[in-house]
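Report on the following structure.
The values are calculated or read from the model by the stated rules, or taken from the named source; none is laboratory data. Quantities reported herein were computed from a predicted structural model and do not represent experimental measurements. So basically every Cβ, Gly included, is an ideal-geometry build from the backbone, and we count neighbours across all protein chains shown. The area values use the complete protein model at the heavy-atom level, side chains included, leaving out ligands, DNA and RNA. Shrake-Rupley method; radii C 1.70, N 1.55, O 1.52, S 1.80 Å.
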Amino acid sequence: MSNSIVFDIGGMSTKICIVKEGIICKRDLIEYDYGIKAIDLVNKMDNKIKDYITEIETINISTCGVVNPNSGEFLLLSAIKESKELNFKKSFAKYGLPIFIENDANCAAIGEMNFGAAKGIKNFISLVVGTGIGGSIVINGKLLKTSSFMSGEFGAGFFKYEKNNIESYSLAASASVISRKYNNITEKNLETKEIFEIYNQDLNAKKIIDETILNLSILIVNLKLFLDTDAFIIGGAISKNQFYINQINSKVAELMEELGIPMSIHIKSAILGNDANIMGAYSLK
């Protein structure tokens, strides 16, 4: 294992860790407004590399957006402005260090596979449930990679397709949809976590949570039937809610019984939390 500087690039901040022999030794952070210009982000990251250059052997990057890990080119990166020419491999080549880069959802899956909930599992699907639904597919211990680097974009798929009523899985089953629907109905301003806390007292909360869990369970059942992986790892902040995970397990089992298919589906919470992307990026080679 190498000594690495690891960046986890998000829409409003970039986490930085110095990882030595698989252990996070130092933490740092770059904060900025949503829509930072690419050149500004490169300069801020470059300054951090200079700060730690004597301690590192590789530069490892987990990033939002769709990226070609071989060339470093971005195919899609809406969170960073003027990103058309952004290429971290070219920007940091001057240091003469190996540079590894991968999409953040893929990094989360790799992190859980090497250090977390998916350790020892060769075939699994990682679902990151947050503002939308992203994820990754791991087959025989390796990420499924396609020519367009778009595998695992589960949330973009159609959940409902009707005239004047098109709904993606991100709009039907993400964590954010719970607060959005509840607040629209009640004219309150509660976060998803707070809505779960009133599940047994508020009929609107119960209805919306149950509906969202059903929608995600439908996605899981469909993916199980398509790919027959051994497990599903649920990530995102909502995955820490054991009630949520238990309800998904119950609903998935109910759906499989309705289909008449004697097949169990193993669903687990991710355990690395905010370090999943970091540890996954650190594992890149």
Helices (runs of 4 or more DSSP H) within region 195-285 that include 3 or more residues open to solvent by 20 Å² or more (accessible area, probe 1.4 Å): 203-227, 242-259
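Could you say which residue among D28, D51 is over 16 Å from I61 (Cα atoms), modelled with pLDDT of 95 or more and of a type in the set (D, E, K, R)?
When all the criteria are applied, what remains is D51.
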Test for N114: is it surrounded by fewer than 20 Cβ atoms within 10 Å (Cβ to Cβ) and at negative phi: yes
Selection from region 13-27 of residues that are of a type in the set (G, A, S) and under 24 Å from C64 (Cβ atoms): S13
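Would you mention how many residues in region 137-189 are more than 30 Å from G111 (Cβ to Cβ), touching a residue at least 24 places away in the same chain (Cβ under 8 Å) and of a type outside the set (S, T, Y)?
Of the residues in that region, 1 qualify.
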Pair list, Cβ < 8 Å and 6+ apart or interchain, from region 37-48 residues that are more than 17 Å from I99 (Cα to Cα) to residues that are open to solvent by 70 Å² or more (accessible area, probe 1.4 Å): K37/K81; K37/E82; A38/K81; A38/E82; A38/E85; I39/E82
Where K37 falls short, out of the listed (1) surrounded by 14 or more Cβ atoms within 10 Å (Cβ to Cβ); (2) at positive phi; (3) of a type in the set (D, E, K, R): (2)
Hey, D8 open to solvent by less than 20 Å² (accessible area, probe 1.4 Å) and in a helix (DSSP H, G or I) or not: no
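Mind counting the residues in region 51-85 that are in a helix (DSSP H, G or I) and out of contact with any helix residue (DSSP H, G or I) (no Cβ under 9 Å at 6 or more places or on another chain)?
4
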Residue pairs meeting the criteria (Cβ under 7 Å; at least 6 apart or on separate chains; first over 23 Å from E57 (Cα atoms), in region 80-101; second part of a loop (DSSP other than H, G, I, E, B) and not hydrophobic (A, V, I, L, M, F, W, C)): K81/G35
Residue within region 240-255 that is in contact (Cβ under 8 Å) with a residue 60 or more places away in the chain and either hydrophobic (A, V, I, L, M, F, W, C) or more than 30 Å from E57 (Cβ to Cβ) (or both) present: no
Candidates K181, K188 - the one that is of a type in the set (K, R), open to solvent by 30 Å² or more (accessible area, probe 1.4 Å), at pLDDT 95 or above and within 24 Å of G11 (Cβ to Cβ): K181
